[in-house]
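**Q** To start, I am sharing the structure in question, which I have written as C-alpha cells.
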Amino acid sequence: MSTQSVAHDQPHASGGKYVQIAVILFVLTALEVALFEVSHEAGPTGFGALLASHFVVILLALSALKFWFVAMFYMHLKFDLKVLRYVFASSLLIAVVVISALFVLFTYNRTLWWATGVWK
Amino acid sequence: MRYLHVPRPWYRPVGLLGALAAVLVAGCSGPYPQSTLEPRGDFAAMVDSVFMTTVYLAAVVFVLVEGALLFVLFKFRGKPSDADPKQIHGSTVVEIIWTIIPAVVLAVVAVPTVRTIFATAAVPATSPDGQPPLKVEVVGHQWFWEFRYPDLGITTANELHVPIHRTVDLRMKSADVIHAFWVPQFAGKRDVFPNRETRLWFTAAVTGEFPGACAEFCGTEHARMDFYLMVDSAAAFTAWVDRRHADSTMMYTGAPKHAADSVPLASMDPKVARGKQLFTTKTCVVCHSLSAMNPFKDQIGPNLSGIGTRKMIGAGWLPNTDENLREWIEHTQKVKPDVLMKGLPPISDDEAAALIAYLRTMR
Amino acid sequence: MTAAVLDHDSADAHEEHPTSLRIDSRKLAIWTFIGSECLFFAALITTFVIYRNSHATGPGPKDVFEVPLVTAGTAVLLFSSFFVVMALNGAQEGNRKKLLLWLSLTVLCGCFFVGMQVYEFTGFMHKGMGYSTNLFATSFFTLTGFHGTHVAIGTLWLGTLLKDAYKGRIPPNKALNLEIAALYWHFVDVVWIIIFPVVYLMSLFAK
Amino acid sequence: MATAALDPAHATSPKRSVLVDWLTTVDHKKIGILYGASAFIFFLIGGLEAEVIRLQLMKPDTHLVSPEFYNQLFTMHGTTMIFLAVMPISAMFFNFFVPLLIGARDVAFPRLNAMSFWVFLLGGLFINASLLMNAAPNGGWFGYAPLSSRQYSPGVNMDFWALGLQILGIASLAAGVNFFTTILNMRAPGMTLMRMPMFVWSVLVTQVLVLLSFPVITIALVMLTADRNFHASFFSYNVAGGDPMLWQHLFWVFGHPEVYILIMPAFGIVSEILPVFSRKPLFGYSAMVFSMAFIAFLGFGVWSHHMFATGMGPLADSFFSLMTMLIAIPTGVKIFNWIGTLWGGSLQFKTPLYFALGFIAMFIMGGLSGVMHAVAPADLQQTDSYFVVAHFHYVLFGGSIFSLTAGAYYWWPKMFGRMLDEGLGKVHFWLMLIGFNLTFFPMHFVGLLGMPRRIYTYPSGLGFDGYNMASTIGALTLGVGFLVFIYNVIRTWRTGAHAPADPWGGATLEWAIPSPPQEWNFAVEPTVTEKDALWAMKRAAGVKVLPEPPLVSGKGIHLPSPSWWPLFTSFGILIFMVGIMVKGETHGFPFGPISVFGVLLTAFSIFKWSYQPVDHPTSH
C-alpha cells in the first residue's frame, strides 16, 4: 500500500503535546472522582452541597471535555481532513439526539401525565 | 435493437381503470358494521372529520399530480430518430414554488391534526348526559377481553355494555402480551400493555351492537380476539347492571333471585342439575366464574356471567348457538387452536348437552 | 470485527493516483465504522440508564461498585491512549525502539484493563450479582461486557501489530496500519470516558 | 503498488474451476450477480408465501393453513421481502454499478465486500432453514416483546429470527462501511460529489442510514437474545420490571430509517432512467440531492409515528405528526422534479421507462396515504389495519419493486450482454401494474372498513369478502407477471439479442465500456468534467453513440486477488449464532462449544485474511 503517494499526512501534534494532553486527561479524571467524593459526603449546605446539586451536569461536562481532548488530539481530528470530523460529529450528533429523545419519550411514556386533566 | 409496438394512447390507462372498476364492483357488499368511516360516537367523529380533510386534499393532489404525469406521457412522446430536446437542468423559481405548495397544503392538514390530538387526549370531565364518565377497566388476554366496572362492582367478558350518551372512560392493561382495543365506529385503537395503563374514551351516540377487535398481533389466535360493544339505552343498561348484581348476589347469599338456583339441586330439571355438577367436576370452575360480582381477580378464563344470552362465544366470533357451544366444549382445540382451555377431562355429547342446559339458565 | 478486517485490506485497484479525498480508504473506513459504533454504545448506555434503578431483587450499584478499582482501570485506559499515540509517533518517525516500547505498554494496558474487568465481574458474582440477578445487573454486564469485548479485540489487534513491529514490518510508510488500530483504540477509550461517570459515579450518586 | 510489470495470466484468472472462482471471487460485478441471484430466489420464496396468504384470505373462514402456520407465513413474508429481497436486490445494483458509475476498478475493500455477501447469504439461508423445521419465526417482522419472549414463544421460531437478523446486520454494516468509503474515496478524477450520478447519491445516503440505524437494532436483538437464551429480562415485564416499550422504541429507531433504506435506491434508479429515456438531464439535480439528504435526516426523527396507538400523550403525538408531515415536502419535491425531467423531453417508451413511470404513479399514491398516517388521530384508526398494508405496499412494491424492476430491465444488457425482450417486458409491466393495483388498492377500503392486519381469517358479514377476493385475484396476476419475467430471462439467456455497449443512449460512465464489462471495468480510467459524464463525452465527440469500445487484454492491469477467507469468516459467524440457538447456556457460561468454535473460526479467518496479500503475490 503506497501511503506515501496518498497525501494524507497532515501535520500531527508533537510528542510534547501528547504528554500535555495526558496530564490534562489525568487531572480531569481526578477531578471527576474528587467531585464524586465531595458530593457524596456533602452535608446539606456549603460548597459540597452546591457541587452535589449540580453533580450530573458537572460530571457530564468534565467527561465531554475529556472526550473532546481525546478526539481532537489523540485521534487527530484537529489536524486531519475535515470530512473525518463531519463523519464522526454527525454520527455522534444523531446518536446523542435520537437516544436522548428516546430516553425522554420512554420515561414520559411510563406516566399518564396527559390523561389526568392537565390539557383540558 | 428491436423496438416493439407503441401501445395506442387510449389503451394505456385501461389497466388502471379496470382495476378501479373491479374494486367498485367488489365494493358492493355492505353493510360494514366495523367501518371507521361511519362514526357512531364523538371520538370517532372527530377523527373522521380530520381524516376526511386529508382525503379531500389528497384527492385534489392526486388528480393534479397524476394528471400532470399522464399529460406528460401523451404530450412528450418521442421517436428514436427525433433530435434531442432542449436540455433543461432545472429552474430555481419553479422548484421554490413546488416546495412551498406542499408546505402550505401540509399546514392546512397540520392545524386540525394537532387540535384533534389535544381534543382526544384527555377524558372529558362530564358526559353529555350530565353524569360523570363511566369507568371501565379493560384487560386484554390471549385471546379474549375482560371488562370490569369498578364503580358498579361487576366483571364481564367479550361483551362491553355501555349506556348511550354516557362517556366511557377506559383504563386498559393486558394480562400477557400487547393487544390493542379497537371498536372502529367509536374510537381509534389503543394498545394495552402488561406493565402500564393506557387510556381511551368515547361516547356512544346510538344504541346497537357493534363489533370490535384486537388490532395488535398477539399470537396464534390474534384473528379470533373480537368482542362486541353493546350500546344500551339508559334503562336497558340499568336493567343489565341489576341483572348482573342480582345473579351474583344470589350466588353468594343464596337469595332466591335466579330461576336455576332458587330451587335445590334435587328439584331442579335433572339435566340442568347435572350440568351444574359437571361445571365443577369437569374443572370448568377452575378458570371460569359465573358471577359478575367479586370474581377472583386475574381469572384465567373469561367471566361467564350471563353466558346463556350472550350474542357470541369464543371471543366475539361464533354465534352463541347450542351447536357451537357443544363444539366448543367438546373440541376447544379444534375450534380455536392454542387457547388455554386444554387438558380437560373428556366430555361426551350427553355431558355437553347438560352443561349447555345449565349455562343457558345464566341469563 | 469489521475494524480488524480493514487492517491490511485496502485494495483500491488504482493506487496509481491519489484517492478522491486524498486519504487512505482504510482511514476513512475506520472513521465510518467508529461513527456507526457511536450508535451501538448510545443504545447500550441508554438501556443501562433506564434500568439503573431496577434492582429490587439482588444487589444494586451501591452494593457492588468499587470506585478505586474502576478509577484504576480508567486511568490505565487513558494512559494507554497516550501510549499508543506515542507509539504511532515512533512509527511515523521510523523510530523502531520508541514504537516497540510504547506499543508494548499499550498492549499491557489493554491486558490490565481486561484483567481488571474479569476481576471486577468475579467480585460481583461473589456478591451475588449474576448476569440475570436483576435488570441493573443485566444491563450493566451487557454494556460493560460489550465494551470489554471491544477492548479485548483491540488488544489482540495491537498485539498482532506489536509482532509486526518487532519483525520490522511497520516502516514509516506503513504507519497507517498502526494509525487505524490506534483510532479504534482511542474510540474504545472515549466510550469508557462516558461509561465511567455515567455508569459508575452517577449510579452511586443517585438518591 | 503501481506495478506495471504484472503476471499477465493473473488478469485473466486462470486455473480455477468455475465453482472455486465464484466462491472466492472479490470482483464487485460477480458479487453483484451473486447478490441478485440469491435475492431473487428469496424474493420468489417471499412471493410464494404472499400467494398462500392471499389464498387463505380469499374467502371468509377459510382453513387452507393453520393459524400457527399463517403467522409463520406473514412473519417470513415481511422479513424475507425486507431483508432478503429488496435490500439485497438493491445491493446487487450497488455492487455492480457503483464502481462503474464512479469510474472505479472495484469497491474500496473487495474482500470485505465478498464477506458481506456470504454473511448475507448464510444469514438468509439460516432464517429460511426454519421453514424446513416447521419452526419459522411467527412473531411478526417487528418481533414485539413480550410476544417474542421465551414465555410466549417457547419454540426456536423467534431464535431463528433474532439470530438471523443479527447475521444479516453484520452483512449490512460491513457493506455500509465499504460503500460509504468507496463512494467518497474512489471516484474517478473530476467526479466531484455534485457531479455524481443520482443513483450513487442514493447509495451514499442509504449507507449513512444503514450505518446509523443498524447498530440500534443489533443492540435490541442482542438484548432480545439475552432475554430468550440467557435469562435476562430487558423486555419481559414480569420477571424484574423490564419494559416491552423499550423494544418498540429501539426497533422503530431502526425501523423507520430502514424504510428509507428500502426506498432510497429506488429513487436513485428512477433518477437514472428518466433522463436517459426522456433524453434530457435530471431536473433540479441539487434539489434532488438535498431533498434525499433531508428525508434521510428527518427519517431519524419520526420513529414514534409507528407508535401512536401506544398512547404517548398529545405533545409527543403532535411532534411526531408534524415531523412526519415535514417529510412529505422533500418527497413532493422529488416527485415534481421527476415530472419536470419528463416535461419537454422526447420520451422513448422502452420497458425501463414503463416501470419507472409506474414507480412514480404508484409512489404518489403511497405518499398520499403516508400523509394520512401522519395525522395521528386518523392513524389510530388506520394503524394495524389493512389500510397500512395498502400504504406500505404502495411504497415498497409500487415504489421499490417497480423501480428495481425498472433497474433490472435498464441494466440487464450491461450486466449480461444481452437485451431482455421488449415485448415480454411490456406484458410483464401491464400484468404487474394491473395485478398490483388489484391486490393493494382494495386494501385501503377493507382497512378503513375495519379489517385488522395479521389475522389468519375473518368472518363474513363485515363487508370484507369482495375486497379480499379482488386482492387475491390481483396477487395471482402479479405472480403471473413475474413468471413472464422469469420466462423473459430464460429466453434472453438462450436467444436474446447481443447488447451493444450503449443500447439506450446512456448518460453515465457504465455505458462507455463493453457489455458485459471486462474484469477491470475501465481499461483506461475515465476523467469526468461535468454531470452526465458520458453525455458530455458524446457531445465533445459530436456523436449520438460512441463507437463500440474494443475488448482489451487487460495486461498490466492490477486487480485484487481472490480469497477464501471472507467465506470462512462468514461461516464462523454463522456457526457462532447457531451455537447460541442450539445451546443457550452451559453451566452459567452463556456460550456453548459450537459458539466457541464459531468465534475461533472467525478470528482465525480474519487473521489469515489480514496477512494475505491484497494483490497477486507476483506483483510485489
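The values are calculated or read from the model by the stated rules, or taken from the named source; none is laboratory data. Treat the numbers as computed from the prediction; the structure is a model and nothing was measured. Quick reminder, even Gly has a Cβ in these numbers, built from the backbone with ideal geometry, and neighbours come from all protein chains shown.
**Q** Which members of the range D:525-555 meet the condition of being under 21 Å from D:VAL26 (Cα atoms) and within 11 Å of another protein chain (Cβ to nearest Cβ)?
**A** Of everything in the range D:525-555, just one residue is under 21 Å from D:VAL26 (Cα atoms) and within 11 Å of another protein chain (Cβ to nearest Cβ), namely D:GLU525.
**Q** Pairs under 8 Å by beta carbon, first residue closer than 18 Å to C:ILE34 by Cα in the range D:200-214, partner in a helix (DSSP H, G or I) and charged (D, E, K, R), six or more apart or different chains?
**A** From residues that are closer than 18 Å to C:ILE34 by Cα, the pairs are D:LEU209/D:GLU258; D:SER213/D:GLU258.
**Q** Condition first: within 7 Å of another protein chain (Cβ to nearest Cβ), among the small types (Gly, Ala, Ser), over 15 Å from the mean Cα position of the chain (by Cα) and surrounded by fewer than 24 Cβ atoms within 10 Å (Cβ to Cβ). Can you find one or more residues in the range C:36-53 that meet it?
**A** no
**Q** Right, something else. What pairs come out if I take residues in the range D:74-85 that are at positive phi and pair them with residues that are basic (Lys, Arg) and not in a helix (DSSP H, G or I) whose C-beta lies under 8 Å away, six or more apart or interchain?
**A** none
**Q** Being at pLDDT below 90, of a type in the set (A, V, I, L, M, F, W, C) and crowded, with 19+ Cβ neighbours inside 10 Å narrows it down to one of C:LEU176, C:LEU201, C:LEU183, so name that one. Steps first, answer last, please.
**A** On the way: C:LEU176 fails: at pLDDT below 90; C:LEU183 fails: at pLDDT below 90.
Step by step, each of C:LEU176, C:LEU201, C:LEU183 is checked, and only C:LEU201 is at pLDDT below 90, of a type in the set (A, V, I, L, M, F, W, C) and crowded, with 19+ Cβ neighbours inside 10 Å.
**Q** Could you tell me which residue of the range D:99-113 is farthest from D:SER304 (Cα to Cα), considering only residues that are among the aliphatic types (A, V, I, L, M) and part of a helix (DSSP H, G or I)?
**A** Narrowing the range D:99-113 to residues among the aliphatic types (A, V, I, L, M): D:100-102, D:104, D:107-108, D:112.
Then keep just the ones that are part of a helix (DSSP H, G or I); that gives D:100-101, D:112.
Numbers: D:LEU100: 39, D:LEU101: 37, D:LEU112: 34 Å.
Within the range D:99-113, the match that is farthest from D:SER304 (Cα to Cα) is D:LEU100.
**Q** Within the range B:100-107, does at least one residue satisfy the condition of being more than 8 Å from every other protein chain (Cβ to nearest Cβ), surrounded by 18 or more Cβ atoms within 10 Å (Cβ to Cβ) and either touching a His at 6+ places or on another chain (Cβ under 7 Å) or not small (Gly, Ala, Ser) (or both)?
**A** yes
**Q** Among the residues of the range A:94-120, which ones are more than 9 Å from chain C (Cβ to nearest Cβ) and modelled with pLDDT of 85 or more? Walk me through how you get there before you give the answer.
**A** Start the filter on the range A:94-120 by keeping residues that are more than 9 Å from chain C (Cβ to nearest Cβ), which leaves A:97, A:101, A:104-105, A:108-120.
If the condition is that a residue be more than 9 Å from chain C (Cβ to nearest Cβ) and modelled with pLDDT of 85 or more, then A:VAL97, A:ALA101, A:VAL104, A:LEU105 are the ones that fit.
**Q** Please tell me if B:PHE186 is among the hydrophobic types (A, V, I, L, M, F, W, C), assigned to a loop (DSSP other than H, G, I, E, B), in contact with a strand residue (DSSP E or B) (Cβ under 8 Å, 6 or more places away or on another chain) and more than 8 Å from chain D (Cβ to nearest Cβ). Steps first, answer last, please.
**A** On the way: among the hydrophobic types (A, V, I, L, M, F, W, C): yes; assigned to a loop (DSSP other than H, G, I, E, B): yes; in contact with a strand residue (DSSP E or B) (Cβ under 8 Å, 6 or more places away or on another chain): yes; more than 8 Å from chain D (Cβ to nearest Cβ): yes.
It is true that B:PHE186 is among the hydrophobic types (A, V, I, L, M, F, W, C), assigned to a loop (DSSP other than H, G, I, E, B), in contact with a strand residue (DSSP E or B) (Cβ under 8 Å, 6 or more places away or on another chain) and more than 8 Å from chain D (Cβ to nearest Cβ).
**Q** Now for a different question. Restricting to the range D:303-354, name every residue that is among the aliphatic types (A, V, I, L, M), under 28 Å from D:PRO377 (Cβ atoms) and part of a helix (DSSP H, G or I). Break it down stepwise before answering.
**A** Taking the range D:303-354 first, the residues among the aliphatic types (A, V, I, L, M) are D:307, D:309, D:312, D:315-316, D:322-323, D:325-329, D:333, D:335, D:339, D:342, D:347, D:353.
Okay, now just the ones that are also under 28 Å from D:PRO377 (Cβ atoms), so D:307, D:309, D:312, D:315-316, D:322-323, D:325-329, D:333, D:335.
Those that are among the aliphatic types (A, V, I, L, M), under 28 Å from D:PRO377 (Cβ atoms) and part of a helix (DSSP H, G or I): D:ALA309, D:LEU315, D:ALA316, D:LEU322, D:MET323, D:MET325, D:LEU326, D:ILE327, D:ALA328, D:ILE329, D:VAL333, D:ILE335.
**Q** Among the residues of the range D:159-179, is any in a helix (DSSP H, G or I), at pLDDT below 95 and either of a type in the set (D, E, K, R) or under 30 Å from D:ALA293 (Cβ atoms) (or both)?
**A** Checked against the condition, which is being in a helix (DSSP H, G or I), at pLDDT below 95 and either of a type in the set (D, E, K, R) or under 30 Å from D:ALA293 (Cβ atoms) (or both), the range D:159-179 yields at least one hit.
**Q** Within the range C:5-21, is there a residue that is at pLDDT 90 or above and touching a Phe, Trp or Tyr at 6+ places or on another chain (Cβ under 6 Å)? Before the answer, list the steps.
**A** Residues of the range C:5-21 that are at pLDDT 90 or above, as a first pass: none.
No, the range C:5-21 contains no residue that is at pLDDT 90 or above and touching a Phe, Trp or Tyr at 6+ places or on another chain (Cβ under 6 Å).
**Q** Can you find a residue in the range D:235-252 that is within 18 Å of D:LEU163 (Cα to Cα), within 10 Å of another protein chain (Cβ to nearest Cβ), part of a helix (DSSP H, G or I) and among the small types (Gly, Ala, Ser)?
**A** Within the range D:235-252, not a single residue is within 18 Å of D:LEU163 (Cα to Cα), within 10 Å of another protein chain (Cβ to nearest Cβ), part of a helix (DSSP H, G or I) and among the small types (Gly, Ala, Ser).
**Q** Further question on the same structure: So which residues in the range D:429-461 are of a type in the set (A, V, I, L, M) and either assigned to a loop (DSSP other than H, G, I, E, B) or touching a residue at least 60 places away in the same chain (Cβ under 8 Å) (or both)?
**A** We begin by selecting, within the range D:429-461, every residue of a type in the set (A, V, I, L, M); these are D:431-434, D:438, D:443, D:446, D:448-449, D:451, D:455.
Listed by number, the residues that qualify are D:MET432, D:LEU433, D:VAL446, D:LEU448, D:LEU449, D:MET451, D:ILE455.
**Q** Then there is this: If D:LEU121 satisfies every condition in (1) crowded, with 22+ Cβ neighbours inside 10 Å; (2) assigned to a loop (DSSP other than H, G, I, E, B) but one, which is the exception?
**A** Unmet for D:LEU121, out of (1) crowded, with 22+ Cβ neighbours inside 10 Å; (2) assigned to a loop (DSSP other than H, G, I, E, B): (2).
**Q** Now for a different question. Return the residues of the range D:277-298 that are more than 11 Å from chain B (Cβ to nearest Cβ) and surrounded by fewer than 24 Cβ atoms within 10 Å (Cβ to Cβ); say none if nothing qualifies. Give the steps one after another, and end with the answer.
**A** Going residue by residue through the range D:277-298, those that are more than 11 Å from chain B (Cβ to nearest Cβ) are D:289, D:292-293, D:295-298.
Within the range D:277-298, D:VAL289, D:ALA293, D:ILE295, D:ALA296, D:PHE297, D:LEU298 qualify.
**Q** Something else now. Do we find a residue being more than 9 Å from chain D (Cβ to nearest Cβ) and closer than 24 Å to B:VAL50 by Cβ anywhere in the range B:173-182?
**A** Yes, because at least one residue in the range B:173-182 is more than 9 Å from chain D (Cβ to nearest Cβ) and closer than 24 Å to B:VAL50 by Cβ.
To keep it simple, each residue is scored yes or no on (1) crowded, with 24+ Cβ neighbours inside 10 Å; (2) without any contact (Cβ under 8 Å) to a residue 12 or more places away in the chain; (3) part of a helix (DSSP H, G or I); (4) more than 14 Å from chain C (Cβ to nearest Cβ).
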residue: D:MET92; (1), (2), (3), (4): yes, no, yes, yes
residue: D:PHE97; (1), (2), (3), (4): yes, no, yes, yes
residue: D:MET115; (1), (2), (3), (4): yes, no, yes, no
residue: D:ALA129; (1), (2), (3), (4): no, no, yes, yes
